[in-house]
Amino acid sequence: MHVHGGGVSRRTLLKSIIAGAAMGYFGSMVFSGLATPIRERIIPPRTHGSYEFGAVDKLRITAISETSWFVNDVFMDDIKKAGGLLTNQYEIPWSVTGVIGGWSKENPDVGSNEGGYTALIEMWGPGDKYTRWLLDWGWNQEWMEYIYSQIPAPTKDVPDERKIKGSILDLIKAGKKGIDFIIISHEHIDHYWGMDTVLKYYPNTELWLPGTMYAESRKLLDGVPKGTFKAPYAWNEHPHTGPRYWVTEPLKPQKITDGLAVVLYDIPIILRVRGEVIPYVWVKDKGVVTITGCTHPGIIYELEYAIRTFKDVDYGKNILGVYGGLHISPFEEWDPDKDDLVLALPKYGAEFIGANHCTGYITVGKMIEAGLPVIGGRAQLKTKKTWYLGNGDQFSVPTELNEQPINWEYYKTRKKVLSQIEKALPNLVHPDDKKAFMKWYLGEEPVKVETEFTVMQLDTDEV
Amino acid sequence: MSHEEYVPWLEKRNSERLIVPRWRQPITGIIATASALIIALVTWYFLFNPQAKIGLRLYTPLYGYMYDRWLLICCIWMAYVFDYTLLFKRKWAETWHPLKKGLALTLITVGVMLFTIYVVFDLILGRLGIPYFSFKTLKEVGELVPTGTPGHITEFYAREYVSLALLMVAAIASWLSPAIPVYFEYWPWRGKLKQPVLGATILLVTMFFTFYLFFVLMHPHMGILYVPWQVFTAKLMTPEEIGTWWYEIAGTLHGNFNVAWIMAMTCTVWYFESIWERQPFFTVIRKQPWRGLVSFIGTTLFALGVFWALFALFGTVLGAPTEGAFRRAGYMWRYLHVAEWFIFWLCGALTLSFFFDNWPKKWSTPVNWVVRNVLMVLGGLAMAWFYYELGPKLLGTTMGLDQPEQYPMVWGIWYVNILLLMNWFFDNWPFYKPRYLEKPTS
């Protein structure tokens, strides 16, 4: 039995209130005063890596399809009805007909809500080597066939023996001559389920996949008839017969070819998915580019990984750019930690941001506002805005490789970036990090900042 | 009624041993714990499991998380704040069969929860005042901006945002509401007010401070959810400064920083009340309000100390957190995960207290205290293992450590809710025998 207090005089009450306020004030001072020093002192500083995986001389990325779904409200309504973001993707009855703003062969503005994500990557070097690969293979099989057929196969600077006139679909049909291999970033609907469109023309393609994939997804590769799963489009009538390389060891870079390494991030992802493989491409004398499906680990985590793992990468040093979905506000949602990201991203000094797909319009808008070097697009083939690289758009290093004009409109705002960096500076965690950052920021080692647009030799005239 | 005469039901029940284990310990405790786990799993399946074949799939995640937290606070209101007089009678708590009583109290508590969410918040506060408290209003406001344009909010996220705001209120309330009964032993109203007026007074006072803190700790977070930032209604920007006030301290704009340390405080209240048996502060200080103040400050410092120690531990295990990163690399996740460990430990603490009669009691108070804390930590580890290893099969979660849309504390709090219902409302029946039915009490 506890002893209870007696009657309370006004004086006691007043004293208590004053004492409580004083102690609360003291507590909050201790809390806020010590928090930052504790954070800074206890946690270990970043380390720098030494891993090298070669380099390519030139790089060209063609966004084949970044429109994984056409109407976000419909997509989110499907998810809401199914039970939210953690529901198994194979159990969701996605909207496949009658969606206004959707797509069908008969009507490009009404039909299925589903599209898909895929990109074509070409790499030159070292020497005469030319490598051409696909990242992911989309979702809605009909859309994928359509979009592959709509986008011309790039030919500029392509070696004659690999040159194929026609569309991306013709590249796929050409087998090994057209596509060297395919990297599957992760098993999400919009990146993975469209395999039938590719496999029916090129069943023995070489595949690189995350070793963390769930059983249903593995099964799809071997062929699954329509109607097996509740979700539409989760079928494949053309079993894969080629080599499969499972990336199984998390956070260990695996070199595929010179200048291209993949890293598995073993992470849980919405719609009951596990793991994403992130390709890193190193462009000679320029640095590393992340080419991603969805960047579910987070772009900053991936860039930090590059700093800690690859040789000679640091803030503003050898971080050339990012391409692909960054999974920040894919569903038109927002959260303060996404602003954390936009505020922190400038300090990495990426020369270009070719963000699209699940990056989300809100994020790209904020990136442009923050002065990040966003590459715009042409808003064609159902990509709705010019704010980023859309369906059929390209970005190349060097930019002369591009077969179409680059939309530099949003890149111009990059001059604001340095002031943003200054704002982000106090939030770097460890004193050593701050020192490293200041070295870059002040133009000392490791990189001398010569102009606002440095490191990469972009078409500054166009800028 | 003088203050000496007023003894809350739970205090009376426990001090007079009015419920006793049906079998010897630890058999009763093991059976009761296993049963609680099974009940939690079965109810989780039908209410929350996102992969359930039959069920509501409320774990979207925030929509279900919100109910989870509000059930917790409503249980606290019923048992601690109102001492079983919220649409109920104290006499019934002392005389009804536990099954009948438990069912009635559960129904009333769920009713109070739904009334609070859908009438107090949604219908009144949300529709007349602040859109982020109303599912309907926020959905309508979100639709004012066309889809595909920054600023549009889908129906799904309108529901998630409202759930977030509501659960943040509940998080603060679950810290403050038990503070007066537990730390201050109902001071300064004990013996002066009768229930349910006493409960209503405590409710009003604690909810006043809850809302006050909500606007300081959480409202700026809500202001960031929209495009553009709601700078005229939430302090987010001045010419000199950008961000929420805690940005410099926490390294993130995210309100989960505050949710996390509040959860640390909240859990510590219940460590203090359960396995600590209000020690050591209640032995040292015997007179209110000093006893309450010292206990409050002491547990606060303990909670913050452990909070930062755990945060540092994560830093040494996972590497330095990174500004702007998501998941395990980011500040927001680290803070929240610290809080999740507090919840795992709470599962251990309440299990030990409710079903194992706060074993051990045979040694000196300090030794008992230390042993119980060790057991609490071990219980927390067991719950963490259960969640991460068996969760994908039993809870419908996705394998892995740091899914941003998965909150281990939702499961942890749900298990705690089941413990509270079993112990506070059902008197641990049928695992414990209600002696108060045999021996009438006044």
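The values are calculated or read from the model by the stated rules, or taken from the named source; none is laboratory data. Just so it is clear, the structure is predicted and the values come from calculations on it, not from any experiment. Heads up, the Cβs are rebuilt from the backbone with ideal geometry, glycines too, and the neighbour counts pull from every protein chain shown.
Scanning the stretch A:326-363 for residues that are at the interface with chain B (Cβ under 9 Å from one of its Cβ atoms) and more than 26 Å from B:A158 (Cα to Cα) yields A:A344, A:L345, A:K347. In the stretch B:60-68, the count of residues that are within 14 Å of chain A (Cβ to nearest Cβ), in contact (Cβ under 8 Å) with a residue 40 or more places away in the chain and in a loop (DSSP other than H, G, I, E, B) is one or more. Residue selection: A:P297 fails the criterion of being touching a Leu at 6+ places or on another chain (Cβ under 7 Å) and within 26 Å of B:T398 (Cα to Cα).
Wholly within the stretch B:242-314, which helices (runs of 4 or more DSSP H) include no fewer than the required count, namely at least 1 residues that are of a type in the set (F, W, Y), more than 9 Å from every other protein chain (Cβ to nearest Cβ) and more than 19 Å from B:A339 (Cα to Cα)?
Working: elements: B:247-250, B:256-273, B:281-284.
Qualifying helices (runs of 4 or more DSSP H): B:281-284.
Screening the candidates A:F395, A:F352 for the property of being crowded, with 21+ Cβ neighbours inside 10 Å, under 17 Å from A:I121 (Cβ atoms) and at pLDDT below 95 yields one hit, A:F352.
Residue count for the stretch A:94-120 under the criterion of being within 14 Å of chain B (Cβ to nearest Cβ) and surrounded by fewer than 19 Cβ atoms within 10 Å (Cβ to Cβ): the result is 3.
Within the stretch B:387-396, the presence of at least one residue that is within 14 Å of another protein chain (Cβ to nearest Cβ), surrounded by fewer than 23 Cβ atoms within 10 Å (Cβ to Cβ) and not in a helix (DSSP H, G or I) is confirmed.
Looking only at residues of the stretch B:316-352 that are touching a helix residue (DSSP H, G or I) at 6+ places or on another chain (Cβ under 6 Å) and of a type in the set (G, A, S), we find that the one that is farthest from the other protein chains (Cβ to nearest Cβ) is B:G348.
For the stretch B:219-233, give me each residue that is within 11 Å of chain A (Cβ to nearest Cβ) and not hydroxyl-bearing (S, T, Y). Hits for the stretch B:219-233 are B:P220, B:H221, B:M222, B:G223, B:I224, B:L225, B:V227, B:P228, B:W229.
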